[in-house]
1. Mind giving me the FRET efficiency for Arg127 and Asp62? R0 is 22 Å, r the Cβ-Cβ distance, nearest 0.05 is fine.
2. Modelled label-to-label distance, Leu115 and Lys84, 7 Å Cα→beta-carbon offset: nm?
3. Once the Cα atoms of region 63-174 are picked out, what are the Rg and Dmax in Å?
Amino acid sequence: MTGRDDDLYDPAGLPGRFYAAICGLAEEQSEEEHHRRQAMGQLQDIAARLKELAADTAVTHDIHGTDLTVLVLLYRANVQAMAKASAIQRSLGFTSGGVTRRLDAMEGRGLVERLPDPDDGRAKLARLTEAGRALAARALERSDARNRRLHDAFSSGEWRTLTLLLRRLGAALE
């Protein structure tokens, strides 16, 4: 790797090393490879930081990290704060057993209740209780403030461009 003052990541740092290990990049690389490595390293770093923020929020509110994800999903799903268990499973990439275990634990803590689905007798709906709604609202206060700061970091056009680029990157991973 050539020495560059504009490196956002130390080439010996974890994000750069991770991408290099995955893609097999050599020490000497083209300008294009250098920027690709930096971009992928930045994405790795951002993903890790977002996980840390979620984990910190969960610990602050004395809840399992996955339960926090389910809480937020239900809280923002609709005005009833309710969704099919199968929709939660698909949205979060869980197994059906994983969703069942999480909902069991959350139900035991009084955060969700499960109801029969009136449209499908075999399916269950998960709905936040008042305690679940209150916890989700408290947990989201800090992240909503952070999201407002993030929103202000880019113009509307920049967000649109970033979204399009990330969609292309995601599609290329398929």
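Nothing in this text is a laboratory measurement; each read-out follows from the coordinates by a stated rule. Keep in mind that this is a model prediction, so the values were computed, not measured. Note that we place each Cβ from the backbone using ideal geometry, even for glycine, and neighbour counts take in every protein chain shown.
1. Working: r = 22 Å, r/R0 = 0.98.
Efficiency, rounded to the nearest 0.05: 0.55.
2. 1.6 nm
3. 16.6, 47
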